[in-house]
Amino acid sequence: MSSAGSSTEFDQVILPAIPPVHLLSGQVPSLQVTDRLHRGSQIVGRFETSGLAGFKVSSQGRPLRVLLSLSTDERSVSGWHTGRTEPATTLPRLVQIRSQGGLRQCVLLRGKKAHARVAFDLTPAEIPDDGLICVEALDITEGDGVAEEVLQAVAGRVAPDGVAGLRLDKVVFEEVPAVDFDPDTLDGSRCEFSSLISGGGLANLNRQGVRPLRSGMFVVNPVLKDTFGSSGRIKLRLGTKAESASVIPATWRRMNSELRWLRHATRKLLGAAAPAVERILSIRDGEVAALGHSVQGNVTELELPSPVGSPLLVLMAPSPGAVPTLESGTDQ
């Protein structure tokens, strides 16, 4: 038996993941550390509650882009791992995604079948010599660095224990692409698919067009260098649509669904159906002001600085009988 320092020839050699690599299972050797994450075979894993996954990655002194695929399903409830589940809440989840100790993006997930994408870059200085890259999923109320104004604003509007049962479907490590081919304007659904916007998660990742914002809020995430939104300003076009009768309780629906639809149709006809923005909050710093905010007919145009160090949370004012929508985002 030979030894080098504290190691022996019987120690298992851990091979790091070599970018570009797509990790689709929790059984890969490069997944070195888990905290409240149950490893999967068809997915990387499922979180009990706020937790962490640590991967050994050979970056070779290069910056890396990290891409995550997250989702919810019928098992995404508190206590799923014990068999003593709590009833599912209808409130959306607001989850922080952190890496190497820093907040990278936030995701807002609503419903049982919601998919979200996360994308962020790590500099060579952020990757230690041992190559361990940690990805944390934390409820918005946990950890340091969340502004008190944000916690007060979302109290009662988002689910407690928002990471419970959250699936980590895929993790990708790749070199930072040299060129971005995104157009200057993306529709609402493509804004969410790109991870710039998180408005509740997409049930269908191939969806295109207007994105309903049924949670009454959405997140604008820090953008990646030389990608869509990185020019410094983002213009968002917000509209409304009449609430579907199927989401109104039956007794109310029989009496008032047509009246509510007609009321909203009348407001649109009169050019008075534009959504109202209640507040804009930096997750880290609290209240911020929009660079531009205007109403044109039934559309609200919101111009924001491209977030860099912290996601922005945009809260919409209630609009009875109508759902706010994200029509498009434009890289200014």
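Brief remarks on what is shown
- Among the residues making up the stretch 31-48, those that are surrounded by fewer than 19 Cβ atoms within 10 Å (Cβ to Cβ) and assigned to a strand (DSSP E or B) are Gln32, Val33, Thr34, Asp35, Arg36, His38, Arg39.
- Residue within the stretch 248-259 that is loosely packed, with under 13 Cβ neighbours inside 10 Å and at pLDDT 95 or above present: no
- Against the list (1) in contact with a Leu (Cβ under 7 Å, 6 or more places away or on another chain); (2) not assigned by the TED database to the domain that holds Ser41, the condition Gln96 fails is (2).
- Those strands (runs of 3 or more DSSP E) lying entirely in the stretch 120-204 with at least 2 residues touching a residue at least 60 places away in the same chain (Cβ under 8 Å), exposed (fewer than 14 other Cβ atoms within 10 Å of the Cβ) and not aromatic (Phe, Trp, Tyr): 167-175
- Within the stretch 99-114, tally of residues that are at negative phi and either surrounded by fewer than 19 Cβ atoms within 10 Å (Cβ to Cβ) or part of a loop (DSSP other than H, G, I, E, B) (or both): 5
- Residue in the stretch 44-67 that is outside the structural domain of Val172 (by the TED database) and among the charged types (D, E, K, R) present: no
- In the stretch 79-95 there is at least one residue that is crowded, with 21+ Cβ neighbours inside 10 Å, at pLDDT 95 or above and within 27 Å of Ile127 (Cβ to Cβ).
- Residues in the stretch 31-78 that are charged (D, E, K, R) and within 18 Å of Leu122 (Cβ to Cβ): Lys56, Arg62, Arg65.
- For the stretch 95-142, the set of residues classified as over 12 Å from the mean Cα position of the chain (by Cα) and among the small types (Gly, Ala, Ser) consists of Ser99, Gly101, Gly102, Gly111, Ala125, Gly131, listed by residue number.
The values are calculated or read from the model by the stated rules, or taken from the named source; none is laboratory data. Predicted, not measured: the structure shown is a model, and the values here were computed from it. As a convention, Cβ positions derive from the backbone with ideal geometry for all residues, glycine included, and neighbour counts pool all protein chains shown.
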